[in-house]
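Peer 1: Pasting a structure here, questions to come.
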C-alpha cells in the first residue's frame, strides 16, 4: 500500500496525472473523472487516459441505458485524454470547463462546445472522431 502511494507521488501514472489536473480545476470535475474511471474499473474495464480508450468509450456510450450520465462521464474522461495526449490545463469557464494551452499553438478546448456537443449532436460523433477533430484543430495555426 505504501509502495503504491509512493509510486503515485514520485512516478505518477497517466491516470494519476490526468485526475490531478481535473482536481486542480475543481473537486467536482476531478470527482466526476475518478468516479467514471473507477466505476468501469470495478467491472473489469481499465480505461486509461490515452488513445487506447477511445473505442471503448464509444462502446460504453452506445450500450448505455443512462445516456445523459454516460455522455457526461465520457466527455470529462475524453477531456482527460486531451490533457494527457495533447497537453493543457483544466480551468473553470463561465458555464462549464475548458482546457487551455492545448497543442503546439496553446489552443483552448471548451468542454461543452468541443467535446460534449459533438458527442450529443445530430448526428452524434464517436469519442475517437471528437478527439481526432480536436487534435487536428489544435495542431494547425489558427
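Peer 1: Looking for something surrounded by 14 or more Cβ atoms within 10 Å (Cβ to Cβ), at pLDDT below 95 and over 19 Å from residue 134 (Cα atoms) - is there at least one such residue anywhere in region 83-93?
Peer 2: Checking region 83-93: not a single residue is surrounded by 14 or more Cβ atoms within 10 Å (Cβ to Cβ), at pLDDT below 95 and over 19 Å from residue 134 (Cα atoms).
Peer 1: Next question. Hand me the list of helices (runs of 4 or more DSSP H) wholly inside region 1-50 holding 2 or more residues that are at pLDDT 90 or above.
Peer 2: Qualifying helices (runs of 4 or more DSSP H): 14-25, 27-42.
Peer 1: Exactly one of these conditions fails for residue 38: (1) farther than 20 Å from residue 119 by Cα; (2) touching a residue at least 60 places away in the same chain (Cβ under 8 Å). Give me its number.
Peer 2: Single failed check for residue 38: (2).
Peer 1: Applying the selection to region 94-107, what residues are in contact (Cβ under 8 Å) with a residue 12 or more places away in the chain, surrounded by fewer than 19 Cβ atoms within 10 Å (Cβ to Cβ) and at negative phi?
Peer 2: Residues satisfying the conditions are 95, 96, 100, 104, 105.
Peer 1: Now for a different question. Working only within region 125-135, note down all residues that are within 14 Å of residue 74 (Cα to Cα) and in contact (Cβ under 8 Å) with a residue 12 or more places away in the chain.
Peer 2: 126, 127, 128, 130, 131
The values are calculated or read from the model by the stated rules, or taken from the named source; none is laboratory data. All of these numbers come straight from a predicted model, not from anything done at the bench. As a convention, Cβ positions derive from the backbone with ideal geometry for all residues, glycine included, and neighbour counts pool all protein chains shown.
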